[in-house]
Structure formats: C-alpha cells, structure tokens
1. Could you please state how large a percent of the accessible area of the chain is carbon and sulfur, counting protein chains only and using a 1.4 Å probe?
2. From Cα coordinates alone, what are the radius of gyration and Dmax values for the stretch 1-87 in angstrom?
3. Which peptide among 67-79, 47-59 comes first, and what is the full order, when sorted by highest mean count of other Cβ atoms within 10 Å?
4. Per residue, what accessible area does the chain have, given a 1.4 Å probe and all protein chains present, in Å²?
5. Determine the calculated [θ] at 222 nm for the chain from helices alone, applying -39500 (n - 2.57) to every DSSP H run no shorter than 4 residues and normalising by the residue count; nearest 500 deg cm²/dmol.
6. Give me the distance in nm between label points sitting 7 Å out from Cα along the Cα-to-Cβ direction at E30 and E61, one decimal.
7. Sequence gap at least 6, Cα distance under 8 Å: using those rules, report the relative contact order of the chain to the nearest whole percent.
Amino acid sequence: MNDEFKKCIEACYLCAAACDHCAASCLQEENLEMMRNCIRLDMQCASLCRLAAQFMALQSESARPLCQLCADLCQQCGDECGQHQHDHCQQCAKACHHCAEACRRMAA
C-alpha cells in the first residue's frame, strides 16, 4: 500500500473521530435546534470516512468513487461545522477539510 493510501486512510479515521466527538459535544450545547444540521452531517461523515478507509485498506475497485463521495461530504460537513464558534466544531471543520483534500487526491 503506497503512502497516498496510508495518508488518506489516516485522514479518514482522524476525521471520523473528530466528527464523532463534534456530534457528541453538539448534543451538550444549549441551542440544539441550531446544531441539528451539524450533528446530522457529523454522523454521516464519520460513517462514510470509516467506510472509505476500509475500502482503501481492502484495495477495492470501489475505493476511488467512495473517496470522491467522501470528499464531497467532508467538504459539506467541514463548511457546516466551520460556521459554529464552538472549539469542537472548529476542530472538526479542520479535520473534515483536511480529509476532503486527501480524498480528492485519492479519487483523482
């Protein structure tokens, strides 16, 4: 497995962990209504990141299209999280945007 694969797999797992943490932390926030979309995207992004990482590790032919989908969702999640001032949202946005970049390179 080449370095690009390893970097992307690592970015996916770090992003999934950041999204899980963000979703759990958002549930503790006062204004839950405002965090609804953030939580929804966090959960979807975490699942897709783990799946993409697994498919890359399995050297599946479906890994590239999955990485493209993952890049799109990571971008969307990162943009949403980036709108919130909470630390967990800002950290999640950073992890999502980093992962989106790594997945775009893999999908290319």
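The values are calculated or read from the model by the stated rules, or taken from the named source; none is laboratory data. What you see is a predicted model, and the numbers here were worked out from it, not measured in a lab. All Cβ positions, even for glycine, are placed from backbone atoms using ideal geometry, and neighbour counts span all protein chains on display. Side chains are part of the model used for accessible areas, which takes the heavy atoms of the whole protein and leaves out ligands, DNA and RNA. Shrake-Rupley method; radii C 1.70, N 1.55, O 1.52, S 1.80 Å.
1. Numbers: 3140 of 5960 Å².
For the chain, the apolar C and S fraction of the accessible surface comes to 53 percent.
2. Rg and Dmax of the stretch 1-87, Cα atoms, are 13.8, 45 Å.
3. On the way: 67-79: 22.2, 47-59: 19.7.
Top to bottom by mean Cβ count within 10 Å: 67-79, 47-59.
4. On the way: 5960 Å² over 108 residues.
Accessible area per residue: 55 Å².
5. On the way: 4 runs with 91 residues, N = 108.
When only DSSP H runs of four or more count, the value is -29500 deg cm²/dmol.
6. 5.5
7. Details: 142 pairs, mean separation 37.2, N = 108.
In percent, rounded to a whole number, it is 34.
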